[in-house]
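Read the structure below first, then the notes.
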Amino acid sequence: MLRALTSALRLPGSWRSLRTRGCASHGATGDPEIQVRALTGRDQGITEILMNRPSARNALGNVLVSQLLEALAQLREDQQVRVLLFRSGVKGVFCAGADLKEREQMSEAEVGIFVQRLRGLMNEIAAFPAPTIAAMDGFALGGGLELALACDLRVAASSAVMGLIETTRGLLPGAGGTQRLPRCLGVALAKELIFTGRRLSGAQAQALGLVNHAVSQNEEGNAAYHRALELAQEILPQAPIAVRLGKVAIDRGMENIPTQDRLEGMAAFREKRPPRFVGK
């Protein structure tokens, strides 16, 4: 399967649909909701994932999540993928979030399983070995913004609308937004945005540091994609192993240091005693 996909990806300028075997709670195989393309020529090394579910504004349902997971699992093994770019094939929308209509048809147990799979998808995007870029040319709400937050870099049209709006629907961001937004913006601002469910324009998001770049939208509705492509082109000439290791170093540096001495230091402070460090 991997060999077939990567071979198809390298056909010049061609989009390839990825068919999966269906999803856990629905046995039937749906129509492909993503397409994958490896660029050629001077853009060789850039691979794009196009989300294309116009009937639901790219909402994250079981089929779309399954196909994204399968594509990521296969692409992560391809050393020729130097930059992975997420974009939309639906004008005016990046991703409208989790598919709440589909969720209404699920049992409570199925909802729990789906949320775990959605969280797993975001973790797979975050852990992808090559740099990832989200091109946000339209609405990115709830899980759609969580998907963008899982990417390393974000580019938005100035007119794009984004936000973790779950509290306006009696929900919480369940796919990593409560962890990734504070790391991006700081705790106080992240709390403000999540508590209020506020929506931001691309221009406002850039001012806060939520997106790397915001650009004026064009008539075709793909200005963010073109700016994201330019950003990917800046990454391409750099040493791929150094770039990948740089990503690992930055990501691990943002986590707590997992050492026994760190735990001992915290325990000593709590117990009001000198720490007994062992160098482990």
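The values are calculated or read from the model by the stated rules, or taken from the named source; none is laboratory data. Because the structure is predicted, anything quoted here is derived from the model rather than measured. All Cβ positions, even for glycine, are placed from backbone atoms using ideal geometry, and neighbour counts span all protein chains on display. Heavy atoms of the whole protein, side chains included, go into the accessibility calculation; ligands, DNA and RNA do not. Shrake-Rupley method; radii C 1.70, N 1.55, O 1.52, S 1.80 Å.
Quick look at the values:
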{"item": "Residue selected from region 44-58 under the condition of a type outside the set (S, T, N, Q), open to solvent by less than 30 Å² (accessible area, probe 1.4 Å) and in contact (Cβ under 8 Å) with a residue 40 or more places away in the chain, by the criterion nearest to residue 86 (Cα to Cα)", "result": "51"}
{"item": "Failed item, numbered, when residue 135 is tested on (1) of a type in the set (A, V, I, L, M); (2) touching a His at 6+ places or on another chain (Cβ under 9 Å); (3) surrounded by fewer than 21 Cβ atoms within 10 Å (Cβ to Cβ)", "result": "(3)"}
{"item": "Residue within region 198-206 that is closer than 30 Å to residue 103 by Cα and either hydroxyl-bearing (Ser, Thr, Tyr) or exposed (fewer than 14 other Cβ atoms within 10 Å of the Cβ) (or both) present", "result": "yes"}
{"item": "Residue, modelled with the lowest pLDDT, within region 29-48, restricted to residues that are of a type in the set (D, E, K, R) and more than 27 Å from residue 61 (Cα to Cα)", "result": "42"}
{"item": "Condition broken by residue 239, with the remaining ones in (1) surrounded by fewer than 17 Cβ atoms within 10 Å (Cβ to Cβ); (2) under 22 Å from the mean Cα position of the chain (by Cα); (3) modelled with pLDDT of 90 or more; (4) not hydroxyl-bearing (Ser, Thr, Tyr) satisfied", "result": "(2)"}
{"item": "Filter result (closer than 16 Å to residue 147 by Cα and charged (D, E, K, R)) within region 79-111", "result": "87, 99"}
{"item": "Verdict on residue 64 being closer than 26 Å to residue 254 by Cα and either under 17 Å from the mean Cα position of the chain (by Cα) or aromatic (Phe, Trp, Tyr) (or both)", "result": "no"}
{"item": "Boolean, residue 149 is closer than 15 Å to residue 87 by Cα and surrounded by fewer than 23 Cβ atoms within 10 Å (Cβ to Cβ)", "result": "no"}
{"item": "Count of region 78-131 residues which are touching a residue at least 24 places away in the same chain (Cβ under 8 Å), surrounded by fewer than 18 Cβ atoms within 10 Å (Cβ to Cβ) and among the β-branched types (Val, Ile, Thr)", "result": "2"}
{"item": "Those residues of region 155-197 which are in contact with a Pro (Cβ under 6 Å, 6 or more places away or on another chain) and open to solvent by 40 Å² or more (accessible area, probe 1.4 Å), in sequence order", "result": "none"}
{"item": "Residues being in contact with a helix residue (DSSP H, G or I) (Cβ under 6 Å, 6 or more places away or on another chain) and over 15 Å from residue 99 (Cα atoms) - total across region 133-150", "result": "7"}
{"item": "Filter result for the condition that a residue is of a type in the set (Asp, Glu), more than 23 Å from residue 126 (Cα to Cα), surrounded by 13 or more Cβ atoms within 10 Å (Cβ to Cβ) and over 18 Å from the mean Cα position of the chain (by Cα), over 219, 271, 264", "result": "264"}
